[in-house]
Amino acid sequence: MTDVKLSKSSPDPAMPTDMRGSAIRDFLGRLVREHPMGAAGLLITLALLILGIFADLIAPFGLNETTSNFMSPPSGAHLLGTDNLGRDVFSRIIYGARISLVVGLCATALATFYSVLLGATSGFIGGRFDVIVQRFVDAWMAVPAIIMSLLLISVFGTGTIQTIIVISLALGVGGSRIVRGAVLSIKSNAYVEAGVAIGCSNGRILIRHILPNIAATVVTIFTLRISEAILMEAALSFLGLGLPPPNPSWGAMLSGTARNYMFLAPWMVLWPGIVLMTVVWGMNMFGDALRDLLDPKLRGGVGRFGRRAPKHTESEVERSHAK
Amino acid sequence: MNVATDNKEARPLLEVRDLKKYFPIHAGFMQRKVADVKAVDGISFSIKRGETFGLVGESGCGKSTTGRAVLQLQKPTSGNVRFDGQDLAGMSPSQLRSVRKHMQLIFQDPYASLDPRMPVGDIVGEPLVVHGLAKGSEYKERIANLFAMVELDPAMTERYPHEFSGGQRQRVGIARALASEPSFIVCDEPISALDVSVAAQITNLFIRLRNELNLTYLFIAHDLSVVRNVSDRIAVMYLGRVVEIIESELLNVHALHPYTKSLLSAVPVPDPVADRKRERILLKGEVPSPVNPPSGCTFHTRCPMATDLCRNKPPELKPHASGQWVSCHHV
Amino acid sequence: MPSNKVPSEDRRETVLEVKDLRTSFRTSTGIIKAVNGLSYDVKTSECVGIVGESGCGKSAGAMSILRLIPHPPGLIEGGEVLFFGEDLLKVTEKRMRNIRGNRIAMIFQDATTSLNPVLTVGLQLSESLEAHQGFSRSEAQQESARLLGLVGIPDASKRIEDYPHQFSGGMQQRIMIAMALACTPDLIIADEPTTALDVTVQAQVLELLQELRAELNMAVLIITHNLGVVARYVDRVNVMYAGSVVETGPTDQIYASPKHPYTIGLLASVPRLDGPTRENLRAIDGLPPDLAQLPEGCAFAARCAYAMERCSSEKPTMEKVGPEHFRACFYDLEKLSR
């Protein structure tokens, strides 16, 4: 092995040596440039989340603190007005952010966990197991999410934890379809076959090769589900089946008494509605953006971190060779 | 050279007997099986230690499926595969995984065969991890050696596959296949997806590695010129069956089966003067579908020498002088 | 079928003349100069080959002739494409549409993706007939059936009702040829016409193309990376590297005595059916060039066994080395060994 010329990788000279750190900067850059709506959505949701977390410090009034100003329109003291019990709407909305977003995020996280568990095992194991599980999922998905959640509430009851569990179950099973699809498509890749060929056990293939490659799909599902979860919590609270009063979740704020006073004090329903709508829209936009940015096929040959690999456009055009 | 007992030397490294692989086609509401794609329809051959055995044929002939069936990546429908005397079909999954140390696969597509989320060092080292062959500093050392062996810069181990060109990725795939120090490697169209000049480099790499490490190859390709250059013996496949097995030196001068001859004439030689002197045999028609192969000899629909016998009775692979095997009634 | 060999004195008309064509693509990593000063010509009834590896610009060059380069990110930056003297880069889009499919037809590499899966083969064939030749629907149907028969598809009049997926790969390629022939163009550009086909089918398709070329007196431009195909079917060869032609000449000449180091290297690196077995090939060192970062001088200098100092700073121009045989290289002809 004397005079062997070493083949150097022809790296992109514009690519910085520290790949990981710049990858995030890269990603954010692309997000802002190519999907401004998605970036806006992310920012708004993050802002509300921060507001919610620091509610105690930011909100001028307590969430259940009544004042003597009943149903007063927006003013200096009460930025968004007060409700029929004299509670400051602005404060309640901030506290509501905490509830809605926290419940939404927890439920979505749990739902995504179920989706991955069910979808990955079903897709990976295949065969009879897959068929049976998918028929079960079919049946589950035949029932609309809201109805399903009502059914589940009748089993679990109401309350914060119960609401989270109910929402996660209602959303999680459907998401398993998408995960299963992703797993099936990854499974057909040559590198999975390569894993088997070098002697990897099934477990190793699943954990080391399949899960990392469906990560992008999972993150996208998670993001898109957040808005669904928030809406479901709002719906359940609206129906009085979610968290108990004086729950300032936005859905709860929209229900019951607020509806009665809709024409007298529209600010009682307007603001929760607007905030709810904004967050749902924002997370949807961000989820779409994320899916576009992370999908390797849509990137058309651009590398994992958004950088074009050192190949030529034409090589890719001319790539297909004889079988 | 292998310093081994007489027995081991004499025994072929790989023996394939009557291998069949059918893929069922399901249709209808109940997804019942309606037909089989007879991808591999009864083939037999054996490969000696240190030999390079070429398997050549056009698309649909079953050569890739053969490679995978031999390695048990596709479970054969029937037939026998013995590796170093052991029957692979009878093994338990963990036994089989252990045997995989000794028999590896190099893929056609250098882009799809490397996990895009793993640095190439990890990809190459995975066999070492899976079989517990090296740890710590020895692990790092072996990976560096493997990189050097395939002419890649060992400083590149942290990079990801997409940063490399096609030829370099193929080198990574080769390094991975060598990691567990196998004695037998199935090369499935390893250079078809590469540029002409890079393909030549990789072909030379294959030859060098074979000589240095005394490897045994099952070299599968559709390009007859390449297979002939690399192999000691060549098996020509058509529609799931072997029609001829011949030594590569004799291919040009002593091919006997009509399909082999037409295949030879269809491949142009990059030398116009020499090419014009060669015999031209143009086949009629197209390759039939493996779902419904013709009766008798599967080649009869396109063969210039076909007779009634050919239409009714499938020929057998019979030995001829000079170690050749031919499956034809008229040879 | 013997190919028409080019006589040394050529009095035939020049169908296509490409002069100093430049096409580039704008990407996130920089500007890729896919076609970088490409020049060649095709005369009537001639079969000209453009041979090179992927990334050398041959496909981009072909697409530029018909102005099929997507913009953005691509841009035809300069040069001339003279079709019977008319510069196609300067004519109106309307005139281009009149030429595409009608006077110049293109056959693409992968027939499966080039044929519309939801239209019958007959309809696709009739399209250009109706558009360019003013056929009526029924006239076009008849002509389509005739064309399918011409390219060797059995049962043509029935099969015009079939969809592309009902044909095999080889037949799909024949259908593409039929589509290209529909309006009896003056020039057919075949971009890697056989790369996706089996070798026996490849032989059939190329023989067909040869026959039809002789019958219909068309010029053919074959673009491929396959040196064997070029040797057998082509009259004149243009060897491309990094966006321009490095050597050109009659096929026999180029193969018998190549004069550019790249051509020499390429020919030495390809295994031949009539060559020795189990011997190392003489591979060209290094990697294909990065078209976004072309060096100052000769693009091949980095990999060239004969490279001199001059090669990295100056770009060689075409010089004559034999009858109709040109190359772009500074190295002394006498010292070049085969």
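With the condition kept exactly as written, say whether any residue in the stretch C:289-300 is under 23 Å from the mean Cα position of the chain (by Cα) and either at the interface with chain B (Cβ under 7 Å from one of its Cβ atoms) or without any contact (Cβ under 8 Å) to a residue 12 or more places away in the chain (or both). Checked against the condition, which is being under 23 Å from the mean Cα position of the chain (by Cα) and either at the interface with chain B (Cβ under 7 Å from one of its Cβ atoms) or without any contact (Cβ under 8 Å) to a residue 12 or more places away in the chain (or both), the stretch C:289-300 yields at least one hit.
Checked against the criterion of being part of a loop (DSSP other than H, G, I, E, B) and modelled with pLDDT under 95, the stretch B:167-174 has no qualifying residue.
For the stretch A:178-207, filtered to residues that are of a type in the set (Lys, Arg) and surrounded by fewer than 19 Cβ atoms within 10 Å (Cβ to Cβ), the residue that is farthest from the other protein chains (Cβ to nearest Cβ) is A:LYS187. Per this entry, C:VAL201 is counted among residues that are open to solvent by less than 20 Å² (accessible area, probe 1.4 Å) and more than 28 Å from C:THR23 (Cβ to Cβ).
Residues in the stretch C:136-162 that are over 28 Å from the mean Cα position of the chain (by Cα) and open to solvent by 40 Å² or more (accessible area, probe 1.4 Å): C:SER136, C:ARG137, C:SER138, C:GLU139, C:GLN141, C:GLN142, C:PRO154, C:ASP155, C:SER157, C:LYS158, C:ARG159, C:GLU161. For the structure I just gave you, tell me whether C:ILE31 is modelled with pLDDT of 90 or more and assigned to a strand (DSSP E or B). No, not satisfied. Taking the stated definitions as given, is B:SER197 open to solvent by 30 Å² or more (accessible area, probe 1.4 Å) and of a type in the set (S, T, N, Q)? Here the answer is no, as B:SER197 does not meet what is asked.
Residues that are facing chain B (nearest Cβ under 7 Å), open to solvent by less than 10 Å² (accessible area, probe 1.4 Å) and not polar (S, T, N, Q) within the stretch C:256-275 comprise C:LEU266, C:LEU273, listed in sequence order.
Give the residues of the stretch B:251-262 that are over 20 Å from the mean Cα position of the chain (by Cα) and more than 9 Å from every other protein chain (Cβ to nearest Cβ), sorted by residue number.
Of the residues in the stretch B:251-262, the ones over 20 Å from the mean Cα position of the chain (by Cα) are B:252-258, B:261-262.
Within the stretch B:251-262, B:VAL253, B:HIS254, B:ALA255, B:LEU256, B:HIS257, B:PRO258, B:LYS261 meet the criteria.
In summary, helices (runs of 4 or more DSSP H) completely within the stretch B:81-161 and bearing 1 or more residues that are of a type in the set (Phe, Trp, Tyr) occur at B:136-149. Of the residues that make up the stretch C:247-255, is at least one facing another protein chain (nearest Cβ under 9 Å), more than 30 Å from B:PHE53 (Cα to Cα) and more than 21 Å from the chain's Cα centre (by Cα)? No, the stretch C:247-255 contains no residue that is facing another protein chain (nearest Cβ under 9 Å), more than 30 Å from B:PHE53 (Cα to Cα) and more than 21 Å from the chain's Cα centre (by Cα). Given the criteria surrounded by fewer than 19 Cβ atoms within 10 Å (Cβ to Cβ), closer than 30 Å to B:ALA266 by Cα and without any contact (Cβ under 8 Å) to a residue 12 or more places away in the chain, does C:ARG282 qualify? When the stated conditions are applied, C:ARG282 does not pass them. Note on the stretch B:195-222: residues that are outside any helix (DSSP H, G or I) and more than 23 Å from B:LEU73 (Cβ to Cβ) amount to 2. All of (1) in contact (Cβ under 8 Å) with a residue 60 or more places away in the chain; (2) more than 29 Å from B:ALA221 (Cβ to Cβ); (3) within 14 Å of chain B (Cβ to nearest Cβ) hold for C:PRO193 with one exception: (2).
Summed over the stretch B:263-286, the residues that are of a type outside the set (D, E, K, R), closer than 13 Å to C:VAL199 by Cα, part of a loop (DSSP other than H, G, I, E, B) and within 7 Å of chain C (Cβ to nearest Cβ) give a count of 5. Kindly provide the set of residues from the stretch B:157-175 that are open to solvent by 20 Å² or more (accessible area, probe 1.4 Å) and either in contact with a helix residue (DSSP H, G or I) (Cβ under 7 Å, 6 or more places away or on another chain) or more than 9 Å from every other protein chain (Cβ to nearest Cβ) (or both), ordered by number. The answer is B:THR157, B:GLU158, B:ARG159. Count of the stretch B:74-107 residues, restricted to those that are surrounded by 17 or more Cβ atoms within 10 Å (Cβ to Cβ), facing chain A (nearest Cβ under 8 Å) and over 17 Å from B:LYS48 (Cα atoms), is 5.
Within the stretch A:56-77, residues that are more than 18 Å from A:ALA97 (Cβ to Cβ) have Cβ atoms under 6 Å from residues that are open to solvent by 60 Å² or more (accessible area, probe 1.4 Å) in these pairs: A:THR66/A:LEU85, counting only partners at least 6 apart in sequence or on another chain.
The values are calculated or read from the model by the stated rules, or taken from the named source; none is laboratory data. Being a predicted model, the structure only gives us computed values, none of them experimental. Note: ideal-geometry Cβ built from the backbone for every residue, glycine included; neighbour counts use all protein chains shown. Just the protein is used for accessible areas: all its heavy atoms, side chains included, with ligands, DNA and RNA removed. Shrake-Rupley method; radii C 1.70, N 1.55, O 1.52, S 1.80 Å.
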